[in-house]
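Please treat every number below as a calculation from the coordinates, not as lab data. Here the structure is a predicted model, which is why all the values come from computation and not from measurement. All Cβ positions, even for glycine, are placed from backbone atoms using ideal geometry, and neighbour counts span all protein chains on display.
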Amino acid sequence: MEDNKISGGKVKKPGKRGRKPAKIDLKAKLERSRQSARECRARKKLRYQYLEELVSSRERAICALREELEMYKQWCTVMDQGKIPSEIRALLSGEDLNKPAPNSSKQHRAIKTEPANK
């Protein structure tokens, strides 16, 4: 008797099922592997560059916010002494409404003060 089984008109042979691995040229396989590794390293390099740029931009934003916070602290200190900084007086009078918010530390180091009872 034969070991082949007949099922639905098809003859099945015993043994492993599925696709048999094709015989691939070893040199071609190694070259594909090397190419894939090169592409992986390139993607990794780009990802790290992107992350470094992101960190750098966030650090610059943090510095700008710290400078702005320091400016507001100085304004508060001056106001606690009973004086109104000229920048705040200008903001309250509506003179600087069209100008963007100040962020430069050089622009705000020297605070001009005027007596509150003017």
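Most tightly packed first, judged by the mean number of other beta-carbon atoms within 10 Å of their residues, the peptides 48-60, 73-85 read 73-85, 48-60. Each of Glu70 and Lys29 was given a label point 7 Å from its Cα along the Cα-to-Cβ line. The distance between the two points is 6.3 nm.
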